[in-house]
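Engineer: Below is the structure I would like to discuss, written out as structure tokens.
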Amino acid sequence: MSSEPEAVDHYFSAMRSALSALKIFLSQSDSPLSGHALIAQVVLSCVERLMVSFDCFQDRIEFVERFRIARAESGFPAFQSVLALDNDRKSAAERLAAIPDPNALRHEMADFILRHRAFPHELRKQMAERIYLERIGDGEVFAPFFLPETIRVSVNPKTMRPYYVVYWSAFDGTANLPIVYMATIEDSSPALVRQVVDEDGRLKRDLNIPLPVGGLLNPDLANAFDAFAQRNSAYTLSLATIAGNLDRDFDTLHPKQLRRFVLGPFYAAGITEHNETVSALLNTVRNRENAWVLTWTIQEIFSKAEQPGRKGLWSSQPAREQFHIETSDLEAARQGVSHYEKHALVPHDAYQALYATGEANDALDGFKVHVFSRNQVISGV
């Protein structure tokens, strides 16, 4: 996408409106995550990081004149733009040290105008870069890969094993989509079991675990789990593949549930090109700020049983999970999941335009539709 002011402003205005509406929706009592406060909290934190990222993208355009989005795919920024943001974040402090402070820049700009009777474009770019670097240095952006964090620890009283809820996120470089993963994993590592589980099958009372914990709670496996998550975060991998890889790669980790929240595609009138029907309908919306549709998918796979491990004189086999794939649903079977849901968030103006044409059902077939109006979201329309 070129940096024509009108196109840029429209894209960022529409995306900001969509992410703000998603935050409102996920916070409502009737959202699909309302019964799962921990999941909602994680997804909301990732949406907030995305919002910071888009503020930074818009700041960056003031001194870097091109900004790429995946117009024909996801409607989100191209992976190269996300990488550039991450690289800038890492070098922000060093670059800020090389740019004059704001007061000095303002003085130079005023002096330039008085001496040359012209606008100081280069100095303005320096000021814009400084503002951008300060923002990106202070805020958490949505990185290409966000390392796993343990956000809950408990004990399964049946197995006497500790279990963790761990999440990580990634921006998929092929699909150009933000993705959040969340796994519930039991740990049968003997040393850790002795360290955290008491005789009654509960967490030891004197245990102080300051959540969230960076990485997997088990320090012996934390680095290997980080590497696993980074290798297994691609959108092209099914949840059955990722869960199966986790089960095989770690003999003492037992994945009981794996969820994936895939945000996008995002559709905006006059900007995105990946669905001609939706684009044509959105072009009829009068208020361009409301001419968008944001979709997302929630996928889940869970273990239906654990095949017990066996120890023999000549060979042994660790415990392995048996994952449930809903074969009665062809789409669930194709995705390699136990369950999935597709959602679409639509501003009231855009939904009226879709409804007026009689094509709303066709354009949003298979989606649970949620209509955003006046700072609230109505579901089940």
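Engineer: Given the condition farther than 29 Å from Val47 by Cα and acidic (Asp, Glu), answer yes or no: does some residue in the range 293-302 qualify?
Structural biologist: No: the range 293-302 contains no residue that is farther than 29 Å from Val47 by Cα and acidic (Asp, Glu).
Engineer: Here's a follow-up. Among the residues of the range 223-239, write down those that are in contact with a Ser or Thr (Cβ under 9 Å, 6 or more places away or on another chain) and in contact (Cβ under 8 Å) with a residue 24 or more places away in the chain.
Structural biologist: Hits for the range 223-239 are Ser233, Ala234, Tyr235, Thr236, Leu239.
Engineer: To continue, here is another question. Any idea which of (1) of a type outside the set (D, E, K, R); (2) within 19 Å of Asp247 (Cα to Cα); (3) in contact with a Phe, Trp or Tyr (Cβ under 9 Å, 6 or more places away or on another chain); (4) modelled with pLDDT of 95 or more is the one Asn156 doesn't satisfy?
Structural biologist: All conditions pass for Asn156, except number (4).
Engineer: Could you tell me whether the range 238-250 includes any residue that is of a type in the set (Asp, Glu), modelled with pLDDT of 95 or more and either under 30 Å from Lys311 (Cβ atoms) or touching a helix residue (DSSP H, G or I) at 6+ places or on another chain (Cβ under 9 Å) (or both)?
Structural biologist: Scanning the range 238-250 turns up at least one residue that is of a type in the set (Asp, Glu), modelled with pLDDT of 95 or more and either under 30 Å from Lys311 (Cβ atoms) or touching a helix residue (DSSP H, G or I) at 6+ places or on another chain (Cβ under 9 Å) (or both).
Engineer: When residues of the range 111-148 are filtered for being surrounded by 18 or more Cβ atoms within 10 Å (Cβ to Cβ), outside any helix (DSSP H, G or I) and aliphatic (A, V, I, L, M), how many remain?
Structural biologist: Residues meeting the conditions: 2.
Engineer: Residue by residue through the range 219-241, note down the ones that are crowded, with 17+ Cβ neighbours inside 10 Å and in contact with a Phe, Trp or Tyr (Cβ under 8 Å, 6 or more places away or on another chain).
Structural biologist: Result: Leu221, Phe225, Phe228, Ala229, Ser233, Ala240.
Engineer: Sticking with this one: Please go through the range 149-207 and pick out each residue that is assigned to a strand (DSSP E or B) and of a type in the set (D, E, K, R).
Structural biologist: If the condition is that a residue be assigned to a strand (DSSP E or B) and of a type in the set (D, E, K, R), then Glu149, Arg152, Arg161, Asp172, Glu186, Asp187 are the ones that fit.
Engineer: Quick check, is Val285 aliphatic (A, V, I, L, M) and either under 30 Å from Ala269 (Cα atoms) or touching a His at 6+ places or on another chain (Cβ under 7 Å) (or both)?
Structural biologist: yes
The values are calculated or read from the model by the stated rules, or taken from the named source; none is laboratory data. Remember, predicted model here, so these are calculated numbers, not experimental data. So basically every Cβ, Gly included, is an ideal-geometry build from the backbone, and we count neighbours across all protein chains shown.
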